[in-house]
2 protein chains.
Amino acid sequence: MKLNVTAQDVARLARVSQSAVSRTFTPGASVSEETRNKVMLAAQTLGYRPNALARSLITRRSRIIALVMSYLENQFYPLVIEKLSQKLQKQGYHVLMFISDLDEADAVLTEILQYQVDGIVMASTTLSTALAKTCADAGVPVVLFNRVPDTSALARHSTSSVTSNNYLGGRMVAELLLERGYRRLAFLAGLENSSTNQERERGFNDVLEEAGLAPYRREVGHYSFSGAQEATRKLFCSGPYPDAVFVANDHMAIAAMDVLRLELGLRVPEDVGVVGFDDVPQAAWGSYRLTTVVQSVEDMVSATVDLLHEQMQGEVNSRNVIVPCRIVERDSVRLHPSPDTAKSHQ
Amino acid sequence: MKLNVTAQDVARLARVSQSAVSRTFTPGASVSEETRNKVMLAAQTLGYRPNALARSLITRRSRIIALVMSYLENQFYPLVIEKLSQKLQKQGYHVLMFISDLDEADAVLTEILQYQVDGIVMASTTLSTALAKTCADAGVPVVLFNRVPDTSALARHSTSSVTSNNYLGGRMVAELLLERGYRRLAFLAGLENSSTNQERERGFNDVLEEAGLAPYRREVGHYSFSGAQEATRKLFCSGPYPDAVFVANDHMAIAAMDVLRLELGLRVPEDVGVVGFDDVPQAAWGSYRLTTVVQSVEDMVSATVDLLHEQMQGEVNSRNVIVPCRIVERDSVRLHPSPDTAKSHQ
């Protein structure tokens, strides 16, 4: 192991100061092009590599951001890993992966803190009030991604979050379906205790209520593929069938569409309209062409990185950032009210 | 920041030795249940958290494994991240993500080495001979995942790899298609310079040659979704059409099936048989039911972790592990030769 080449050796060979060597290897630090080239040449000649861990003990910066995920089955999360890793990497940070069961995030956090991470992003999961406090005490910023903090004042005070406007998204879905003449609107729920599911459903129900309607049927798919298949069968087990389903995410909506068409012989959108949430790449695949609510991963990741930086620089107030969302229309919702519906409402 | 609580403080409160505190917080170290409980209680009371980075400077173990990925569009790779992270996490290691362009793996490696990682897994990409040497000199084991090292003796000597038996997989596909009476067999290639593509194609072509046939047509999709759509259009731009296509991975096979059925109005498997490679979750979705070659992510990840451990413990010989694969039959290949074909070969 060539571990005995020091920054001093490099500085001597390159005929620059030791500080110039240090700045060359510190992402974001200022150093002239000429000096950088001298240092890189000397470093390469000597086989020098700066030790990020040793440096982190001095600067108290590990340049590691922990990312906690509970499941990657939903195709939305691979996108999040990719975009977040890319964005942070450009700034000299890297993502350390922690996979946690939905109810075990606390256990994983103890481990995370051992790595002296500069920040924590928790996707698809929340943390307990006690742990929010532990992180705050340790000076480690936490950003919840796609979830909002628990309602307790303490957790909310010390934890930031980034979500899309789930409530408004839910409203837009109900408005679209009503405008297109659907009247028996069902909801296929995700995880009941997740803020995404709660907000999407609340927006959807509010619009129905304002129109003097109620959700026609409701089943729970727990954000899983097989759960959504089962829930779809229950929603359509007896007539009159719902004429539209708002499914709480795309991953489940795809499962629902396959059951509707291939098992139950129903046509989408003629017999049943289907709307999802997320706009995962698969929603655009030719066999589905799912009309859905777009959550911009890019915008959500940008907001997350901004929040991390704010808090790493000592900003004490946590913030809950809400990113706008919009509907993308494909082929799973009909374009005009059917003649039947139009008549019955004339 | 509560950074001033030491292992000594914890030991004193728990009335155990300092070594017992250290062992409690070292994954895999031996410590009695009773001692562990005493230590954990004292640690919690004092707000103590051991510093993994400081420890790594003493033990020369960061307990970090770098994972280099070039693209996550293919649904196979999210599975790899999930399974690899889970498996390593159980052993007290965590995955640090590095996203690299296909031809920029070398640039990213310099950064990786700054983190004093215990090992590197490179998925879907290879490293240059020069960098293989740098890693070997630094004592950092590298395992290529789903790729084999370049043919140069040096890279091969110092780099281990895990792949499935791509050559045999390609053979199995050709054998299946011939057995089912398909005769105009096309190949839709992935990245031409990837070992996965080369081996799969070689196996496929060898069987055709043994049967006195040649590939009927060939186009390149570069392992991308849009590339596969384009390549499919070219394969079927003029008659007589291929009657079967072996697509170098599932991600592209799904794109091909949508073009065949939705754009060209062909039936799968009646008009065209389609076979993929990987068995991603989407291959089993009702709208595709793709017959494909199963690469076991579990087995490949297990082999990767075993190799890392071997090399971290000082095993100097690199190894290339080949994991068996098998065909899973769904509905994209017909079950019996069509009457026409049977007749023409009687």
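The values are calculated or read from the model by the stated rules, or taken from the named source; none is laboratory data. Keep in mind that what you see is a predicted model, and the values were worked out from it rather than measured. Cβ atoms come from the backbone with ideal geometry, glycine included; neighbour counts cover every protein chain shown. When the accessible area is computed, the model is the full protein with side chains, heavy atoms only, and any ligands, DNA or RNA have been set aside. Shrake-Rupley method; radii C 1.70, N 1.55, O 1.52, S 1.80 Å.
Before moving on, here are some points about what is shown:
- Qualifying residue in the stretch A:280-294 (condition: open to solvent by 50 Å² or more (accessible area, probe 1.4 Å), assigned to a helix (DSSP H, G or I) and over 18 Å from residue A:190 (Cα atoms)): yes
- Sole residue being under 25 Å from the mean Cα position of the chain (by Cα) and within 14 Å of another protein chain (Cβ to nearest Cβ), chosen from B:250, B:278: B:250
- Search result, residues across the stretch B:225-247 that are aromatic (Phe, Trp, Tyr), under 22 Å from residue B:207 (Cα atoms) and within 29 Å of the chain's Cα centre (by Cα): B:246
- Condition check for residue B:139 on (1) on the phi < 0 side of the Ramachandran plot; (2) open to solvent by 40 Å² or more (accessible area, probe 1.4 Å); (3) at pLDDT below 95: one failure, at (1).
- Within the stretch A:119-136, restricting attention to residues that are open to solvent by 10 Å² or more (accessible area, probe 1.4 Å) and within 13 Å of chain B (Cβ to nearest Cβ), the residue that is farthest from residue A:85 (Cα to Cα) is A:130.
- Per-region count, the stretch A:1-26, residues part of a loop (DSSP other than H, G, I, E, B) and modelled with pLDDT of 80 or more: 4
- The residues of the stretch A:295-316 that are touching a strand residue (DSSP E or B) at 6+ places or on another chain (Cβ under 9 Å), open to solvent by 20 Å² or more (accessible area, probe 1.4 Å) and not small (Gly, Ala, Ser), listed by number, are A:299, A:306, A:309, A:310, A:311, A:312.
- Here B:194, B:161 are screened, and the one residue that is in contact (Cβ under 8 Å) with a residue 24 or more places away in the chain, at negative phi and in contact with a Pro (Cβ under 9 Å, 6 or more places away or on another chain) is B:161.
- Against the criterion of being within 14 Å of the chain's Cα centre (by Cα), away from every other protein chain (no Cβ under 13 Å) and not β-branched (Val, Ile, Thr), residue B:306 does not qualify.
- Residue within the stretch B:64-84 that is open to solvent by 60 Å² or more (accessible area, probe 1.4 Å) and at pLDDT below 80 present: no
- Within the stretch A:85-104, the residues that satisfy the criterion of being part of a helix (DSSP H, G or I) and surrounded by 21 or more Cβ atoms within 10 Å (Cβ to Cβ) are A:85, A:88.
- Qualifying residue in the stretch A:27-38 (condition: modelled with pLDDT under 80, of a type outside the set (Gly, Ala, Ser) and buried (at least 20 other Cβ atoms within 10 Å of the Cβ)): no
- Residue within the stretch B:253-274 that is within 25 Å of the chain's Cα centre (by Cα), among the hydrophobic types (A, V, I, L, M, F, W, C), open to solvent by 10 Å² or more (accessible area, probe 1.4 Å) and more than 8 Å from chain A (Cβ to nearest Cβ) present: no
- Criterion (touching a Ser or Thr at 6+ places or on another chain (Cβ under 9 Å), modelled with pLDDT of 95 or more and not basic (Lys, Arg)) met by exactly one of A:221, A:265: A:221
- In the stretch A:76-91, the residues that are within 14 Å of residue A:280 (Cα to Cα) and more than 7 Å from chain B (Cβ to nearest Cβ) reach residues that are of a type in the set (Asp, Glu) and in a helix (DSSP H, G or I) with C-beta atoms within less than 8 angstrom, at least six apart or across chains, in these pairs: A:76/A:250; A:83/A:298.
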